[in-house]
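A short worksheet on the structure shown next.
What follows draws every value from the coordinates through simple rules; no lab data is involved. Since the model is a prediction, treat every value here as computed from it, not as a measurement. Here the Cβ is made from the backbone with ideal geometry for all residues, glycine too, and neighbour counts use every protein chain on show.
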Amino acid sequence: MSGALAGLDDRELLARHAAGDRQAFGLVVERHRDRLWRVALRTLGNPDDAADAVQDALLSAYRAAGSFRGDAAVTTWLHRITVNACLDLVRRRNSRPSVPLDDEQGPGDDVAAPDVLGERETAAEILAALRRIGPEQAAAVVLVDVEGFPVAQVAEMLDIPVGTVKSRCARGRARLAELLGHLGGNPPPLPAVEPGYGDSGTDSTEEST
Amino acid sequence: MSDGPAAADHLSLDQLAELDEGIAANADALRRHLDGCAACRARAGQLNASRALLSTLPAEAMPADVAARIDAALAAEPAPPMTFGGDIVPMQSRRAWLRGPNVAAAAAGVAVLALGAALVVGHLGDKSKPAAKTSAGAVNRGALPLGAAAPSGLKQFQTGHDYTAATWRGYVTGLLIAAPPPFPTPPPNTSAPVTPTPTGPASYTRDELRDPALVYACAALLAGRPVLPIAIDYATYDAIPADILVLPGHEDPTHQLDIYVIRSTCSGKAIDIGFLRMPRPGVR
């Protein structure tokens, strides 16, 4: 049965699912879950939350697959649902002040000195940094810089304008550079120069739409 | 940011990142500064290094325990609601329609309410565009199979068409115009439509629907009253095997067609029956 399904593309599988084929959706999940997992993990910076978010997302997709229109790619659609599940999860957390979002015990807190960091420790530091920049910026950076999706597709996934994706990416990258500076080389000292260039208000401006 | 006041005129990481992304204000001025400032170029390098770090993240798979947990959660879900693509309306809407303007006619229905779980596809009605163009001359007013040769006038087809939201009107029109091909089933052995038994376990598999007599029974079940089916095409809808059953319109048999898309069984409980409606082609 699933042998016959294996030849179908995602869209056809969703149609089968909508027609009551209980194996079709499983195949869609199988094809996408690793990437959805990575996106959720890095957007949230925490494996437990990521598991909750991906489960929520796939259940939503299961229920909504019948109304999938086919004008979006299945990949885009699934990522959109997954990122939304991540943001929902953080919103729920934030409405419960007893659970601090920021890392009182981040994965990178207890690691050894930077020069002896192994690959795993580096990954843990990056994860901690992504967690600190918050899910909106993290999602944009992860989808563009880690997963390599084009900005236009990410705009569709996040349901925001292309310009907003770019500004979230820029801001996220800047904060990551700050947080991860010790991993990639020392930030150089900055000599003072005479004034003349634009204001430094970029921190407070909300991204344009 | 970490830039002290003294460094206000160096580019911040934000500005560098915006410059990189092509969204910086004063890009020319920033770039001029960058060209002449080794410290800022070094900070730009820091930005690139951290981006490069991101690309070293391993392409890890979902952990097996998480995958198992999600599979279990999905397996516990009820079967997905049935849909057919196109404009999908919940079955309640069809119920409202059947009972709406012509309550008396629908009151005769025995199976309509039992169709609660089914869904309505593309409620088109009269407000929709006319069906795919057909040559009006080829379809005479009132000369459609209904009445002309009933009850043996049921046309059975196996066109091989894949009906979709975009094509179904054209294909249905084709069914009305085309002469039915020789079809390998016995001629109908009933001269009167079979009426469904309200209490009976009325349910017909798609195999059984090869028998014209059972097509009549299925049509009566779906319409909620005895009705003479016009045509049936053993075909596919959205690439999924489905019988396309064409009936005269519920309230206006002269001007409308009701089309049922039957994916597994024709029964009052089937959740995989879709419903379509279009004006009768060629009838003004």
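In debye to the nearest 20, how big a dipole does region B:5-54 give about its Cα centre with +1 on each Lys and Arg Cβ and -1 on each Asp and Glu Cβ?
180 debye
Rounded to whole numbers, the Karplus 3J(HN,Hα) couplings from phi for region B:59-70 are 7, 6, 8, 4, x, 4, 5, 5, 4, 5, 5, 5 Hz, using 6.51 cos²θ - 1.76 cosθ + 1.60 with θ = phi - 60°, and x at Gly and Pro.
Averaging the Cα positions of each part gives two centres, and for region A:3-54 and region B:205-284 these lie 34 Å apart. For region B:5-54, the relative contact order comes to 40 percent (Cα pairs under 8 Å, sequence separation of at least 6).
Suppose R0 equals 25 Å. What FRET efficiency, 1/(1 + (r/R0)^6) with r the Cβ-Cβ distance, do B:Ala61 and A:Ala6 give to the nearest 0.05? Efficiency, rounded to the nearest 0.05: 0.85.
I need the calculated FRET efficiency for the pair A:Val151 and B:Thr159, taking r as the beta carbon distance and R₀ as 41 Å, to the nearest 0.05. With a Förster radius of 41 Å, E is 0.35. Treating r as the C-beta distance of B:Asp207 and B:Arg32 and R0 as 60 Å, the FRET efficiency rounds to 0.15.
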